[in-house]
Structure formats: structure tokens, C-alpha cells
1. Among DSSP beta bridges whose residues both lie in the chain, state the antiparallel percentage, nearest 5.
2. What full-extension length gain, to one decimal in nm, is calculated for ALA202 and TYR48 as 0.36 nm per residue of separation minus the Cα-Cα distance?
3. Filter LYS179/LYS264; LYS179/LYS282; LYS179/LYS295; LYS166/LYS282 down to the pairs with a C-alpha to C-alpha distance above 27 Å, please.
4. Obtain the nm distance between the two label points defined at LYS295 and ARG275 by a simple spin-label model: each point lies 7 Å from its Cα along the Cα-to-C-beta direction.
5. If the limit is 30 Å between Cα atoms, which of LYS249/LYS311; LYS164/LYS253; LYS253/LYS328 go over it?
6. Please give the contour-minus-distance gain from GLU250 to PHE234: 0.36 nm per residue of separation, less the Cα-Cα distance, rounded to one decimal in nm.
7. What aspartates and glutamates could a cross-link reach from LYS292, if we take a straight Cα to Cα line under 15 Å and drop same-chain neighbours fewer than 8 places away?
8. Sorted by accessible area (1.4 Å probe), largest first, how do LEU329, LEU37 line up?
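The values are calculated or read from the model by the stated rules, or taken from the named source; none is laboratory data. Values in this document were obtained by computation on a predicted structure and should not be read as measured data. Heads up, the Cβs are rebuilt from the backbone with ideal geometry, glycines too, and the neighbour counts pull from every protein chain shown. Just the protein is used for accessible areas: all its heavy atoms, side chains included, with ligands, DNA and RNA removed. Shrake-Rupley method; radii C 1.70, N 1.55, O 1.52, S 1.80 Å.
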Amino acid sequence: MARVIVSTAINVTYELTLLCQIKGSLQGVGEILVESLFNSVDPYMRAYTRQLPTGVTMIGEGCGRVIESKSSDFPVGTVIMGRYGWCTHTVLDTKSKDPMNVIRKAPADYPKDLPQSLLLGAVGMPGMTALLGLTKLCEPKEGETVFVNGAAGAVGSIVGQVAKIKGCRAVGSAGSDAKVAWLKELGFDAAFNYKTVSSLDAALKEGAPNGIDCYFDNVGADFSSTVLNHMNLFGRMAICGSISTYNDKEPAKGPYPFMTILSKQMTVTGFIVTRWLNEWPKGMTQMVQWIKAGKIKYREHVTEGFENMPKAFIGMLVGENTGKAVVKL
């Protein structure tokens with residue numbers, strides 16, 4: 001077994017540690033030994049790593065297969081997803097009642113022609129974040145305009161496609177011309193490269209000439225302050241992330257948006273998708289159906305080799321990926 005641990009929390013550096021946990025290490029009834037197939041790298045990890053003490057296993061989701069079991073509910077061969085961190089193998093207690101570390105089984109009818117890595121992407125946490133965050137908090141209605149930043153990422157790319165399925169105008173921003181081109185392939189009505197536009201205000205006005213009804217925010221800070229000025233009366237904003245601030249050493253300072261929110265009578269809600277964990281099975285089934293029907297398209301940025309976990313993570317944070325970034329073990 002190997003794991004990646006945080007060796008210096010302040011500077012967020014990592015070291016690969018080899019352990020010797022192998023088959024035969026299960027102790028109690030309900031324990032399972034999981035061999036990881038894919039590990040995930042996601043933006044939210046950057047925010048949390050700054051709070052981690054030195055020497056702990058790096059956080060994150062994984063998709064793995066049970067190779068030894070003392071649980072009748074999780075026999076050998078079962079594919080599971082869980083927040084077990086960056087490791088090649090792990091022992092999990094299936095009897096744990098921790099609501100933040102639920103062990104989820106892959107759907108029994110998961111199509112064999114779909115990659116299992118999608119269980120960490122469009123059919124997993126990012127897909128549920130996009131689907132449930134958009135539909136439950138923004139409640140998009142046919143004919144409305146939905147704007148999402150970070151639109152070429154694992155979450156944003158799904159948000160725009162779900163918006164189109166709901167009959168909305170989908171507008172997105174991304175950090176390269178190639179990503180913008182992909183968004184248009186996905187069916188976005190308008191997309192722009194926020195790094196090269198001369199004015200974010202002008203780009204938003206062109207992309208959303210009738211204003212924005214639903215704003216799915218992955219970026220935060222000054223970017224969001226600008227978007228709020230383009231929101232329509234009774235607009236809805238779902239705050240999923242704030243990646244532009246994750247490296248800030250001091251709290252971000254900027255315009256106070258409260259009068260804008262008040263005057264437009266907006267609804268602004270931050271969320272963590274585990275609040276709807278009981279609805280994930282239904283959402284996963286829906287995502288699989290849409291993918292099979294060609295209504296949802298996806299891309300994956302796959303890095304080979306567990307030793308490249310830090311490289312994949314840093315690459316994702318600087319925008320090297322299009323779609324979901326995963327590491328194949």
C-alpha cells in the first residue's frame with residue numbers, strides 16, 4: 001500500500017509514503033480491504049489542505065474494488081466509491097455511521113461500456129453537484145438564461161448541459177480558446193475566454209443580452225461581483241466553489257454585493273452536495289440515462305500512476321484539464 005501525506009500544511013507540499021498493509025489485515029466484522037482503481041483530484045481539496053495538520057493522508061474521493069471482506073453487504077469484487085483519500089489500498093468499516101464518509105456502491109446496473117472513472121465524474125460527486133445544485137437551488141425554467149463559470153471543468157460542463165436539457169440558454173466562461181470551443185460543441189449558446197476578453201462586463205452582456213436568471217458560481221471573488229450586476233430580478237445564485245481565492249493568504253476584499261442582492265431580490269445559496277446524499281442514487285441513474293442517450297457528453301483528463309497524484313492535482317488547479325481530472329492506478 002502507498003499513500004500521499006501532507007508533509008508541510010502551510011506550503012502544501014506532499015510526500016509519497018509506502019506502507020505495508022496487505023491482505024489478511026482485516027480485524028473486525030464489517031471491515032473491507034479496498035484496492036483503489038481511480039483517485040480523484042478536485043478544486044475543493046485545495047481549500048481544505050490548508051487546514052490539514054502535517055502527516056495526515058491527503059483527502060479525496062476514490063473508486064475501488066473490494067479485494068477482501070468481512071461484510072456480507074460488500075463481498076469481494078464489489079466496486080465502491082468513498083472519501084478514503086489518496087492511497088492505493090485502504091481498510092474501511094462498513095458499519096461506520098459517519099454521514100460524511102458514506103461508502104457507496106456502484107449501481108448494480110452500471111453499463112459495462114461506460115468507464116468506471118465516471119463514478120468519480122459525471123455519474124459521481126461532480127455530476128451530482130451540477131445536477132442537484134442547479135435544479136434544486138437555481139430552479140431553472142424554460143427560456144431562462146443560466147451562466148456558469150469554470151464551465152469546462154467536471155462540474156461546470158455538466159451544469160451547462162443540464163441547463164440545455166431544461167430548455168434554458170446556457171452561457172459559460174473558461175480559461176482557454178480550446179475549452180471555449182469544447183463548450184460550444186457541448187451545446188452552450190455562448191462561451192468566452194475570460195483570460196482574453198477585454199471586458200468581463202462586455203462579454204457577459206454579449207453572452208446574456210437579456211440578463212442572467214441563474215448563476216452557478218465556481219470562481220467567486222471579483223468575478224462574481226461583476227456577474228451579480230447582470231442578474232435579473234429574482235435571480236438565483238448557487239455558490240459551489242471559490243477557486244479564485246483558494247491560494248489567497250489573506251481574505252479576499254472587494255465590492256460589497258449586498259445592495260445588489262437586495263435590489264434585485266436575489267436568492268443566494270452556498271451548498272455542499274452531500275446535503276442531498278439520499279438523492280444521489282436517483283441522480284446517478286438519471287445521468288447514466290442522459291449519457292447513453294447522448295444528451296450529456298463528457299471528457300476526462302486521466303493521469304497514469306499513483307505517484308503522479310500531486311502532479312495531477314496541481315495541474316488541475318492551474319487549468320490543465322478539460323472535464324474531470326482523475327488518476328488511474
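1. 55
2. So the extension gain works out to 52.0 nm.
3. Distance filter (> 27 Å) returns LYS179/LYS264; LYS179/LYS282.
4. Going by the 7 Å Cα→Cβ label model, 2.5 nm.
5. Over 30 Å Cα-Cα: LYS164/LYS253; LYS253/LYS328.
6. Extra length available between GLU250 and PHE234 comes to 2.5 nm.
7. Filter leaves ASP109, ASP113.
8. LEU329, LEU37
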